[in-house]
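So the structure is just underneath, and the comments pick up after that.
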Amino acid sequence: MKHIFEKNLEITKENIYCSNCGKKLSRENISVLIQTKEKTLLHLNCDHCHSFSLVFVYSGKPGVFVFGMATDLSNKEAIKFLTEKNNAISMDQVLEVYQFLKSSKGMMDDFI
C-alpha cells in the first residue's frame, strides 16, 4: 500500500504548471531527485519556455510545505550536484570572494 504522501505526489504531478510561462507540465518533465517518507525534491523542465525549477515538498504534522525556485541546472546537473561528496564551499573560497569584492570597489568592470 502506498504511503499517503506518495499518493498526493502522484495527484500533484498531474497539476503542475511552469512558474515562468504558466503552461502545464507533462509527467515526463517532472523528475523526482530525492524522495523520503516526508520530503521530496522535484526537478521541473518546461518544454515551452525551456526553464528549469527545483521544488521542495515537505509533508508532515504541520501540513504540506512547498518551496520552489528557478534554476539553471538541468536534471542531470542537479543529480550530479546533489550526489557529489565534495561540493561544499570552503572557507578559503569564501575569503577569496570577500577579498575580491572588497578590493573591487563595486566596479562592474572588475566582474567581467
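Computed from the coordinates by the stated procedures, all read-outs in this text should not be read as laboratory data. Note that this is a predicted model, so its numbers are computed, not measured. Using ideal geometry, Cβ is built from the backbone for each residue, glycine included, and neighbour counts are taken over all protein chains shown.
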Given H placed 1.01 Å from N in the peptide plane, which residues other than close sequence neighbours of LEU25 have an amide H under 5 Å from its amide H? ILE16, TYR17, CYS18
Within 10 Å of each residue's Cβ, count the other Cβ atoms and sort TYR58, TYR17 from fewest upward. TYR17, TYR58
Order by neighbour count: PHE56, PHE65, fewest other Cβ atoms within 10 Å first, most last. PHE65, PHE56
